[in-house]
Amino acid sequence: MILKNIVKKNTYQDSVFLMSIAHRVKSLKGIEEVSCLMGTPENKRLLAEVNLLTGEGRKAEANDLLIAISAKERKNIEEALREVEELLVEKEIKRGEEEISLPKAFSSALDQLPDAHLVHISIPGRYVRREAEKALEKGLNLFIFSDNVSLKDERELKRMARKKDLLVMGPDCGTAIINGIALGFANVIRRGNIGIVAAAGTGLQEVSCLIHKAGLGISQGIGTGGRDLSKEIGGITMLEGMKALEDDPDTKIIVLISKPPAKEVADRIIKEVEKGKKPFVINFLGSKEGEETKRIYFAPTLEEAADKAITLSKEEGHKPEVSKERIISLAKKESSKLKDRQRYIRGIFSGGTLCDEAMLILKDLIGDIYSNIPLKPSLKLKDSRISRKNSLVDLGEDEFTRGRPHPMIDFTLRNERIIQEAEDPQTAVILLDIVLGYGAHPDPAPALAPAIKEAKRRNISVVASLCGTEGDPQNYKRQKRELEKMGVIIMPSNAQAARFAALVATRSMVKGRRGLPHSTLPN
């Protein structure tokens with residue numbers, strides 16, 4: 001095996017763009033691993049942990065682009081480098097009839113777009129505060145994709161923004177949809193009257209897609225970053241987002257999404273909700289605490305939050321797409337192919353919030369679920385690479401993404417894990433989330449095909465949800481059609497995929513409403 005590091009001095013590139021380059025280059029013949037990162041101390045440490053850092057790479061500085069490639073032969077590395085160079089060629093962009101070069105600094109970018117009202121920041125975390133303060137001083141809202149920003153910097157930036165009636169979405173904010181424009185990992189969602197404020201990227205994606213599938217749309221999708229509802233930050237962006245949506249004439253219903261916040265933060269948010277005038281749907285995942293009124297509703301799952309918002313918007317209920325009888329019949333058909341020793345569900349997720357939702361549903365249906373992000377500490381996997389009994393694993397956690405693209409972009413780890421679970425004679429169901437939209441894998445179905453074929457060869461049931469819409473670049477309907485041809489059972493929501501997996505694994509012995517369709521949304 002040959003390992004080579006290349007350092008390109010003073011060559012900054014957006015992290016999402018670098019992940020997409022790594023994904024494309026890794027598909028070349030003879031390439032084992034590829035990482036394209038900025039040469040920050042943290043990134044070099046991550047590369048060292050996965051044995052992809054050389055002496056040359058150690059010399060890289062924070063403003064340098066660091067490319068690490070391992071391959072079978074030197075000619076493979078040379079081919080990969082040519083591909084990287086082609087992808088890194090600076091492109092010209094057009095604004096009207098005038099051709100202009102991509103700006104190199106915030107000031108020159110603002111000169112080109114003087115009417116801008118939002119800045120997207122994706123730079124090494126240690127430099128975020130400096131650039132963010134410049135934007136806030138200019139009266140601009142922020143979408144901060146960058147991670148590794150200190151809690152202190154996050155708190156100070158959000159306090160500064162609050163004084164100026166501005167929003168700071170992030171740091172580590174993966175998804176937002178502002179005025180119909182998708183930021184980060186997001187889907188093509190029609191405009192409508194439901195506003196969302198979310199401290200969970202895939203949570204925002206799932207709820208907005210379910211709303212879209214029901215024929216409705218969203219006014220705004222405001223991401224907060226995962227730490228916003230911590231005790232240290234105090235929910236500043238969620239509270240400011242709520243205020244903005246209360247004042248927005250196009251927003252009629254407001255949905256809040258988060259993992260359970262710190263208690264004092266949850267109390268503060270609910271207190272502000274009680275002061276509002278518009279209907280609120282509150283999804284603190286897994287929690288149904290709080291007193292419901294004619295204007296305030298609590299939903300423990302993403303699906304139920306979307307369902308309630310849809311009902312409020314339509315002012316009527318909507319019928320399940322698939323009947324209870326049909327679900328049970330299909331589950332029995334799938335489970336009839338299983339051998340007696342096949343009894344466990346193995347979930348392989350790219351979205352942490354989707355993994356959480358699935359675990360919350362499954363624990364009530366089949367009992368304990370082991371994970372690398374468990375619902376309680378005693379259920380943490382000793383080794384995240386090895387499943388135990390019923391296990392759901394989030395491949396988007398740092399332990400899996402060090403030095404490699406996110407699993408929404410690169411399916412290599414997911415395919416390896418599918419095959420690994422398929423080789424376990426006790427695996428009954430492989431449960432997947434497949435996230436479409438901007439930034440995600442451009443064509444998931446064929447990328448998953450070899451691993452799914454191996455699972456189906458062993459009579460394992462493969463159950464998946466497709467988080468996406470017909471407007472997404474991957475073509476939702478085509479992805480669904482191709483996956484179903486492989487024998488994958490596609491359910492209309494992540495929650496329903498989890499319920500169906502339980503029915504199959506237990507040979508349809510799950511009883512009660514929670515094991516059957518919720519209020520299935522149109523596909």
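The values are calculated or read from the model by the stated rules, or taken from the named source; none is laboratory data. Quantities reported herein were computed from a predicted structural model and do not represent experimental measurements. Ideal geometry is used to build each Cβ from the backbone, glycine not excepted, and the neighbour counts take in all protein chains shown.
Look at region 5-33: where a residue is farther than 20 Å from PRO444 by Cβ and a partner is aromatic (Phe, Trp, Tyr) and surrounded by 19 or more Cβ atoms within 10 Å (Cβ to Cβ), sitting 6+ places away or on another chain with Cβ atoms under 9 Å, you get ASP14/PHE145; SER15/PHE145.
Exactly one residue among LYS231, LYS158 is farther than 18 Å from GLY351 by Cβ, touching a residue at least 12 places away in the same chain (Cβ under 8 Å), crowded, with 21+ Cβ neighbours inside 10 Å and not assigned by TED's automatic domain parsing to the domain that holds VAL16, and that residue is LYS158.
Within region 279-293, the set of residues being farther than 18 Å from ASP307 by Cβ and modelled with pLDDT of 95 or more is empty.
Which ones in region 391-409 are in contact with a Pro (Cβ under 8 Å, 6 or more places away or on another chain) and without any contact (Cβ under 8 Å) to a residue 40 or more places away in the chain?
So the first thing to find is which residues in region 391-409 are in contact with a Pro (Cβ under 8 Å, 6 or more places away or on another chain), and the list is 395-396, 400-401.
PHE400, THR401 - these are the residues of region 391-409 that are in contact with a Pro (Cβ under 8 Å, 6 or more places away or on another chain) and without any contact (Cβ under 8 Å) to a residue 40 or more places away in the chain.
Would you check which residues across region 324-351 are more than 23 Å from PRO425 (Cα to Cα) and surrounded by fewer than 21 Cβ atoms within 10 Å (Cβ to Cβ) and list them? Spell out the reasoning first.
Step one: filter region 324-351 for residues more than 23 Å from PRO425 (Cα to Cα), giving 324-329, 350-351.
Passing the criteria: LYS324, GLU325, ARG326, ILE328, SER329.
If you check ILE434, ILE452, ILE490 for being in the same structural domain as GLU423 (by TED's automatic domain parsing) and either surrounded by fewer than 16 Cβ atoms within 10 Å (Cβ to Cβ) or farther than 24 Å from ASP307 by Cβ (or both), only one passes: ILE452. Every condition in (1) surrounded by fewer than 20 Cβ atoms within 10 Å (Cβ to Cβ); (2) free of Cβ contacts under 8 Å to residues at least 60 places away in the same chain holds for GLN479 except the one numbered (1).
The residue that is farthest from ILE144 (Cα to Cα), among those in region 21-30 that are surrounded by fewer than 19 Cβ atoms within 10 Å (Cβ to Cβ) and not basic (Lys, Arg), is GLY30.
Contact map, region 165-183: first residue over 13 Å from ILE121 (Cβ atoms), second residue among the hydroxyl-bearing types (Ser, Thr, Tyr), Cβ cut-off under 6 Å, separation 6 or more or different chains; pairs are ALA182/TYR438.
Which ranges mark the helices (runs of 4 or more DSSP H) fully within region 180-283 that have 3 or more residues being small (Gly, Ala, Ser)?
Working: elements: 201-213, 236-247, 263-275.
The helices (runs of 4 or more DSSP H) meeting that bar are 201-213.
Restricted to helices (runs of 4 or more DSSP H) entirely inside region 413-518, those with at least 1 residues that are hydroxyl-bearing (Ser, Thr, Tyr) are 476-485. Consider region 246-257 and keep the residues that are under 18 Å from LYS308 (Cα atoms) and of a type outside the set (D, E, K, R). The one that is nearest to the chain's Cα centre (by Cα) is ILE257.
Going residue by residue through region 6-25, is there one that turns out to be modelled with pLDDT of 85 or more and acidic (Asp, Glu)? Checking region 6-25: not a single residue is modelled with pLDDT of 85 or more and acidic (Asp, Glu).
Taking into account only those residues within region 44-75 that are among the β-branched types (Val, Ile, Thr) and modelled with pLDDT of 90 or more, which is farthest from the chain's Cα centre (by Cα)? Residue satisfying both the conditions and the ranking: THR54.
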